[in-house]
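J.: Please see the structure below; I have some questions.
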Amino acid sequence: MSFSAALQQIESHDFAAHLGVANNLEMLYTLAGQEQVVKELTTSLLDYTVAVRLLTHVGSIIQEQEDVRFRNPRDAAIAVYIWALAQSQPALAGLAASAALNAPRLWWAKRAALNVTSGTWMEGTAEAGAHKLMTRATDWKDGGAGRKDVLIVSDPGKDMIRAGRVLQSELLNLNTNNLESVITDADYSTNAVSEQTDVIRK
Amino acid sequence: MTMIIGRGSERDRAALQLFTTANRSYIENERPDEERAVEGLQAALRFAKAISPTAKCRSLTAMYNCLGLVFASRRTMVDCKHLDVILRDDGFSPIPKVQAMEGDVVVYRRNGISQHVGIIYELRDISLQHNGSQIEFWVLSQWGEDGEYLHKMGEVPTIYGNQLEFWSERKPIR
């Protein structure tokens, strides 16, 4: 099955219906993992160029505006993509998750994204996470981050950003020459419910 | 960029303030912002009918799940991992199948882990179709986000498992 055909199948209404009986994310993953097309996709993602192609595709379908009254019809598919990417390309999965977290009208995809962020990014220090999540502009052309290198820091907090510690990543031999934005995912507001995340532009 | 932390928790203003009967435990829940599109729901209905041709769709919606139907009046989504706490705090007790009646709850488990819950709404006597007494259980349950169905107890997606338990909070008639 070709890459395009696989995506078409995973994004079909029938496929979403099959996954739709899930009552939580774990069940959704179990159902997805039983599908041959998902197994093939996951295997193909071992190839970095294929994974980047999928990431680009995710960035593009997240931005599509269909009927805004309803959930994104590719919601479950995006969740599957994030999960599949996380198995072999965690850095790219992190980028897909970041895009999903900022997109409207997603249900499963947001849960998959949170699962990736809490499971992978939170494991190490912010600096270690930053190492993992560097990606080059040439590999990430869609999703609103065109021609930028993006650094995602797992849990820096406001104090860390204000203190400029994020920007000390140069000391860790990260290539920040072309870095335009730092996206954080854990910057708590005062009421500890909603979270306003800082975007630092260099 | 705005993101909610503690989604579904007591601090999430988009979640219902939902507590168990004993008021001991907050039940984490999340309310979807949007319904699924019509085409997606129609595909869900086709899928459900393929699993259970005799099932009758009561409501085709993705705005709540099985626990939301049984324990939250169809208002929200509640993860199945909370089922055991809810059953305990709401005063449910396990009962043998022969004692189950309309209004009791059937829990579906796979590998011992709760996956699905529904309400028994009919005990259909099908003795005439079979030699000897036989009762067929019919259940009302929401299949994930694929709609709410009246279905035979055994005709559910295989992911829900085949370990069935019956629970009741009935109080004795004095």
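J.: Can you pull out the residues in region B:62-91 that are open to solvent by less than 50 Å² (accessible area, probe 1.4 Å), acidic (Asp, Glu) and within 21 Å of B:PHE166 (Cβ to Cβ)?
T.: Result: B:ASP89, B:ASP90.
J.: Can you pull out the residues in region A:37-70 that are within 30 Å of B:VAL38 (Cβ to Cβ) and either within 14 Å of chain B (Cβ to nearest Cβ) or among the basic types (Lys, Arg) (or both)?
T.: Of everything in region A:37-70, those that are within 30 Å of B:VAL38 (Cβ to Cβ) and either within 14 Å of chain B (Cβ to nearest Cβ) or among the basic types (Lys, Arg) (or both) turn out to be A:ILE62, A:GLU64, A:GLN65, A:GLU66, A:ASP67, A:VAL68, A:ARG69, A:PHE70.
J.: Quick one: which strands (runs of 3 or more DSSP E) lie wholly within region B:49-130 and hold at least 2 residues that are closer than 30 Å to A:PHE70 by Cβ and in contact (Cβ under 8 Å) with a residue 40 or more places away in the chain? If you could, list the steps in order and put the result at the bottom.
T.: Numbers: elements: B:56-59, B:93-95, B:105-110, B:113-125.
Hits in region B:49-130: B:56-59, B:113-125.
J.: Would you mind telling me which numbered condition in (1) under 17 Å from A:THR49 (Cβ atoms); (2) open to solvent by 20 Å² or more (accessible area, probe 1.4 Å) A:PRO73 fails?
T.: That leaves (1) as the condition not met.
J.: Scan region B:17-32 for residues that are part of a loop (DSSP other than H, G, I, E, B), in contact with a strand residue (DSSP E or B) (Cβ under 9 Å, 6 or more places away or on another chain) and open to solvent by 30 Å² or more (accessible area, probe 1.4 Å) and report the count.
T.: Of the residues in that region, 2 qualify.
J.: Any idea which residue in region B:33-61 is nearest to A:VAL21 (Cα to Cα), counting only those that are more than 7 Å from chain A (Cβ to nearest Cβ) and open to solvent by less than 20 Å² (accessible area, probe 1.4 Å)?
T.: B:ALA48
J.: I've got another one for you. When you check A:TRP107 against the structure, is it within 16 Å of A:LEU25 (Cβ to Cβ), away from chain B (no Cβ under 14 Å) and either open to solvent by 10 Å² or more (accessible area, probe 1.4 Å) or not acidic (Asp, Glu) (or both), yes or no? Give the derivation first.
T.: Details: within 16 Å of A:LEU25 (Cβ to Cβ): yes; away from chain B (no Cβ under 14 Å): no; either open to solvent by 10 Å² or more (accessible area, probe 1.4 Å) or not acidic (Asp, Glu) (or both): yes.
The answer is no for A:TRP107.
J.: While we're on this one: Cβ-Cβ distance below 7 Å, separation of 6 or more or different chains: which pairs start in region B:135-147 with a residue that is within 14 Å of chain A (Cβ to nearest Cβ) and in a loop (DSSP other than H, G, I, E, B) and end on one that is of a type in the set (Ser, Thr, Tyr) and open to solvent by less than 10 Å² (accessible area, probe 1.4 Å)?
T.: Correct list of pairs: B:TRP143/B:TYR149.
The values are calculated or read from the model by the stated rules, or taken from the named source; none is laboratory data. Computed from a predicted structure; not experimentally measured. Heads up, the Cβs are rebuilt from the backbone with ideal geometry, glycines too, and the neighbour counts pull from every protein chain shown. What goes into the accessible areas is simple: the full protein's heavy atoms, side chains included, and nothing from ligands, DNA or RNA. Shrake-Rupley method; radii C 1.70, N 1.55, O 1.52, S 1.80 Å.
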